[in-house]
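Contents: one structure, followed by commentary.
The values are calculated or read from the model by the stated rules, or taken from the named source; none is laboratory data. Quick caveat: nothing in here was measured; it's all calculated off a predicted structure. Every residue, glycine as well, gets a Cβ built from its backbone with ideal geometry; the counts of neighbours run over all protein chains shown.
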Amino acid sequence: MNTYPIRSLLILATLLAPIHSLADVAPDPLSKGMTPARKESRVQMVSQEVVIHLDREWCLVEADFVLQNRSRSPAAMETGFPTGYKDEVRDLRVWRNGRKVKTKSAVEHEIQEPDKEAAVYHWTLWDMRFAPGEKVALRVSYLVKPRKNHDYLITPYRQFLGQIEEEAAGSSSNEVARVVDGMTSYSTGYIMVTGAEWHGPIADASVTFRHPNGAAAIRWLSPAANFTSSSDSVGYRFVNIDPDFDVEVEFSDQTLADEIALVRQTMEITGKSLGLDKHLRYLEEIQTCLAAGNCEQLN
C-alpha cells in the first residue's frame, strides 16, 4: 500500500476559519459527522478521478467514481456528499451511468461534548442500489467557494506578512504595499477520508488542481510530496489506499515568477528587509520544489 507523508501544522487562525473543503462520496453518511459509518456491504470504490478548477470566487469540481458491488447479493444504501459546515457548496449534480440522479439536502447535528452546541454538517443525499457484482459509474459536479485568507489569517505562505508590514511601518514607499496587496491568497481542499468507508481500498485515485497559471499559482500544498506539476495543473495519484489524509492547497492569482520579480525589485528600492528576504526565499523554494514534485522541506 502506498503511503504519503502528511504535514501537521496547527495554526490558530486556520482552526478558527476552516478551509472550505470538497470531499469524497460516502456510504450511509448520517451518523458520525464528517466520518461516515459504513454498513455491512461489499461495495468498493474502485476508482476516483477528481478535477478541481481553482478560482478565487467559485471552484468548479468534476468528480468521476467507479463503484462495484463485490458481493453475490444485492446492496442498497443511502449515499451522500458532504457540502460543508455552512453549506458552502452549490449547484451539486449527480449522474449514475450517465443518467441524472434525484438528490435531497439534509443537515446532521452531532453532539461532540455535553453542554456544547452540536456541530452542524450539510449533506446532499441519494439512494443507490447495486445488483450482485454490478459496477456503476458515478459522476458528481458542483461549485465550492474557497476561503479568502484575510489579514488576520496566518498561512504557510503568509507567515512573514506581519514582519514585512512591521518593518515597513512609517515608510512612504508604495513598493512594499504592492507586495502586501499581492499576498492575497485562497485556500481549498479535498476531503479524502470520507471515501475510506467503502469496502476495501480505493484501487486508483487522482486529484488534480487546475488553474490558468498552473503550478505557478500554488503557494502551499499537502501532501507535500508525490505530486506532478505542469503549466496548467498540479496533481496527485494514489494506488490502493485506505485514505486517512486530505488534500489541501493555497493559491494566488499572481504567478510565482511575477511575485518573485516584484519582491526583488522592492528590496532593491527599499533596502534590506528581513521579512521580505524570508518571503523571497520561501517563494524561490516553493518554485523549485513544485517543479521537483516534493515540497517536504517547506514543512
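Looking at the range 234-252, which of its residues are of a type in the set (D, E, K, R) and under 21 Å from residue 149 (Cα atoms)? 246, 248, 250 - these are the residues of the range 234-252 that are of a type in the set (D, E, K, R) and under 21 Å from residue 149 (Cα atoms). There is no residue in the range 154-168 that is in contact with a Ser or Thr (Cβ under 9 Å, 6 or more places away or on another chain), among the hydrophobic types (A, V, I, L, M, F, W, C), touching a residue at least 12 places away in the same chain (Cβ under 8 Å) and within 30 Å of residue 203 (Cβ to Cβ).
When residue 272 is tested against the conditions (1) more than 17 Å from residue 215 (Cα to Cα); (2) part of a helix (DSSP H, G or I), the lone failure is (2).
Under 8 Å by Cβ, and 6 or more places apart or on different chains, what pairs join a residue from the range 111-136 that is at positive phi with one that is surrounded by 14 or more Cβ atoms within 10 Å (Cβ to Cβ)? Close Cβ pairs (under 8 Å, with a partner that is surrounded by 14 or more Cβ atoms within 10 Å (Cβ to Cβ)) amount to 133/68; 133/69; 133/70; 133/71. Restrict the check to the range 290-298 and report whether at least one residue is charged (D, E, K, R), surrounded by fewer than 19 Cβ atoms within 10 Å (Cβ to Cβ), closer than 17 Å to residue 155 by Cα and under 24 Å from the mean Cα position of the chain (by Cα). Within the range 290-298, one or more residues are charged (D, E, K, R), surrounded by fewer than 19 Cβ atoms within 10 Å (Cβ to Cβ), closer than 17 Å to residue 155 by Cα and under 24 Å from the mean Cα position of the chain (by Cα).
So that you can scan it fast, the table gives a plain yes or no per residue for (1) in contact with a strand residue (DSSP E or B) (Cβ under 9 Å, 6 or more places away or on another chain); (2) modelled with pLDDT of 95 or more:
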site	(1), (2)
227	yes, yes
230	no, no
243	yes, no
269	no, no
272	no, no
280	no, yes
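The residue that is nearest to residue 155 (Cα to Cα), counting only those in the range 183-227 that are out of contact with any helix residue (DSSP H, G or I) (no Cβ under 9 Å at 6 or more places or on another chain) and of a type in the set (Val, Ile, Thr), is 184. Residue-level check: of (1) at pLDDT 90 or above; (2) within 24 Å of residue 204 (Cα to Cα), residue 78 misses just (1).
With respect to residue 171, determine if the residue is at pLDDT 90 or above and small (Gly, Ala, Ser). Break it down stepwise before answering.
Values: at pLDDT 90 or above: no; small (Gly, Ala, Ser): yes.
So residue 171 fails the test.
Condition check ((1) assigned by TED's automatic domain parsing to the domain that holds residue 44; (2) farther than 29 Å from residue 182 by Cβ; (3) more than 26 Å from the chain's Cα centre (by Cα)) across all residues:
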position: 93; (1), (2), (3): yes, yes, no
position: 111; (1), (2), (3): yes, yes, no
position: 123; (1), (2), (3): yes, yes, no
position: 130; (1), (2), (3): yes, yes, yes
position: 138; (1), (2), (3): yes, yes, no
position: 160; (1), (2), (3): no, no, no
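How many of the residues making up the range 157-168 are modelled with pLDDT of 90 or more and either surrounded by 19 or more Cβ atoms within 10 Å (Cβ to Cβ) or part of a loop (DSSP other than H, G, I, E, B) (or both)? Result for the range 157-168: 6.
Tell me whether the range 236-246 contains one or more residues that are under 19 Å from residue 161 (Cβ atoms) and surrounded by 14 or more Cβ atoms within 10 Å (Cβ to Cβ).
Keep residues of the range 236-246 that are under 19 Å from residue 161 (Cβ atoms), which gives none.
Checked against the condition, which is being under 19 Å from residue 161 (Cβ atoms) and surrounded by 14 or more Cβ atoms within 10 Å (Cβ to Cβ), the range 236-246 yields no hits at all.
Hey, among the residues in the range 194-230 that are among the β-branched types (Val, Ile, Thr) and outside any helix (DSSP H, G or I), which one's surrounded by the fewest Cβ atoms within 10 Å (Cβ to Cβ)?
Of all residues in the range 194-230, those among the β-branched types (Val, Ile, Thr) come to 194, 202, 207-208, 218, 228.
Those left that are additionally outside any helix (DSSP H, G or I): 202, 207-208, 218, 228.
Numbers: 202: 23, 207: 24, 208: 20, 218: 26, 228: 13.
That would be 228.
Screening the range 74-156 for strands (runs of 3 or more DSSP E) wholly inside it with 3 or more residues that are surrounded by 15 or more Cβ atoms within 10 Å (Cβ to Cβ) and not hydroxyl-bearing (Ser, Thr, Tyr) returns the ranges 75-82, 89-96, 119-130, 135-144.
The residue pairs whose first member lies in the range 266-278 and is in contact (Cβ under 8 Å) with a residue 24 or more places away in the chain, whose second member is part of a helix (DSSP H, G or I) and of a type in the set (D, E, K, R), and whose beta carbons are closer than 6 Å, counting only pairs six or more residues apart or on different chains, are 266/175; 269/175; 270/175; 273/167; 275/167. In this structure, residue 188 does not satisfy being modelled with pLDDT of 85 or more, part of a loop (DSSP other than H, G, I, E, B) and within 20 Å of the chain's Cα centre (by Cα).
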